[in-house]
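One structure is given here, and the rest of the page talks about it.
The values are calculated or read from the model by the stated rules, or taken from the named source; none is laboratory data. Computed from a prediction, not measured in an experiment: that's the story for all the values here. We place every Cβ from the backbone using ideal geometry, glycine too, and count neighbours over all the protein chains shown. These area figures cover heavy atoms from the full protein model, side chains too; ligands, DNA and RNA do not enter into them. Shrake-Rupley method; radii C 1.70, N 1.55, O 1.52, S 1.80 Å.
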Amino acid sequence: MNPILSGDLVLTHKETAATDTIKFRFKATALKTLTGDKFEKKLFYTPGQFVSIGFTQTAWRAYSIASIPSEDELELVVRIVSAGVGSEALNAANIGDSFPFKGPFGHFEISDNKNAHLVFCATGTGIAPFRSMIKAEQQSEPPREMTLLYGGKNTEDLA
């Protein structure tokens, strides 16, 4: 079980991934345990988990992690929603802006059955946790067979 931490996510990169969808990369800083103790290690998570980001005192939003633990930065794939507190704040953010976060959370994990053929099915930003799982599985020796079913209304909608 990964420790749940709090800290700041500092925006390092932002690029369009698809229609109304942006890929954000963050550096996790000022990590603390839930008891407030400094956490000197880097943020560790299991592919499939998510983080919650704070935008106001009461507005926290959950985002699936699209990167893998061995990467130095946390990647999120976010659909920009009109009047969406979180997505509009992220869309307006500049490189260097910081957001409070907590996490990782969740138990959505890849099967540990080493004989399984893995099948992933997603649309839109639902690809984020599967991207993390697929990239992690590609680093396994040997990687299992995988099939990804990913859809959208048109190719411009595919992140």
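Given (1) closer than 26 Å to R79 by Cα; (2) open to solvent by less than 60 Å² (accessible area, probe 1.4 Å); (3) among the hydroxyl-bearing types (S, T, Y), identify the lone condition not met by T155.
(2)
In the stretch 51-68, which residues are buried (at least 19 other Cβ atoms within 10 Å of the Cβ) and of a type outside the set (A, V, I, L, M)?
Y63, S64, S67
Does at least one position in the stretch 85-102 carry a residue that is closer than 22 Å to P47 by Cα, open to solvent by 60 Å² or more (accessible area, probe 1.4 Å) and touching an Asp or Glu at 6+ places or on another chain (Cβ under 7 Å)?
So far as the stretch 85-102 goes, no, none of its residues is closer than 22 Å to P47 by Cα, open to solvent by 60 Å² or more (accessible area, probe 1.4 Å) and touching an Asp or Glu at 6+ places or on another chain (Cβ under 7 Å).
Report yes if some residue within the stretch 19-30 is open to solvent by 70 Å² or more (accessible area, probe 1.4 Å), within 20 Å of K135 (Cα to Cα) and not in a loop (DSSP other than H, G, I, E, B); otherwise report no.
yes
With the requirement that a residue be under 17 Å from L5 (Cα atoms) and aliphatic (A, V, I, L, M), what does the stretch 15-63 give you?
Once the filter is applied, which keeps residues that are under 17 Å from L5 (Cα atoms) and aliphatic (A, V, I, L, M), the stretch 15-63 yields A28, A30, L31, L34, L43, V51, I53, A62.
Where the second residue is loosely packed, with under 14 Cβ neighbours inside 10 Å and among the aliphatic types (A, V, I, L, M) and the first is free of Cβ contacts under 8 Å to residues at least 40 places away in the same chain and within 12 Å of R61 (Cα to Cα) and lies in the stretch 73-88, which pairs have Cβ atoms under 6 Å and are six or more apart or on separate chains?
V85/A59; S87/V81
So, in the stretch 114-145, exactly how many residues are of a type outside the set (K, R) and open to solvent by 60 Å² or more (accessible area, probe 1.4 Å)?
Residues meeting the conditions: 11.
Yes or no, residue by residue, for (1) within 17 Å of the chain's Cα centre (by Cα); (2) in a loop (DSSP other than H, G, I, E, B); (3) within 21 Å of I22 (Cα to Cα); (4) among the charged types (D, E, K, R):
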site: F101; (1), (2), (3), (4): yes, no, yes, no
site: E109; (1), (2), (3), (4): yes, yes, no, yes
site: A116; (1), (2), (3), (4): no, yes, no, no
site: V119; (1), (2), (3), (4): no, no, no, no
site: F130; (1), (2), (3), (4): yes, no, yes, no
site: M133; (1), (2), (3), (4): yes, no, yes, no
site: P143; (1), (2), (3), (4): no, yes, no, no
site: K153; (1), (2), (3), (4): no, yes, yes, yes
site: A159; (1), (2), (3), (4): yes, yes, yes, no
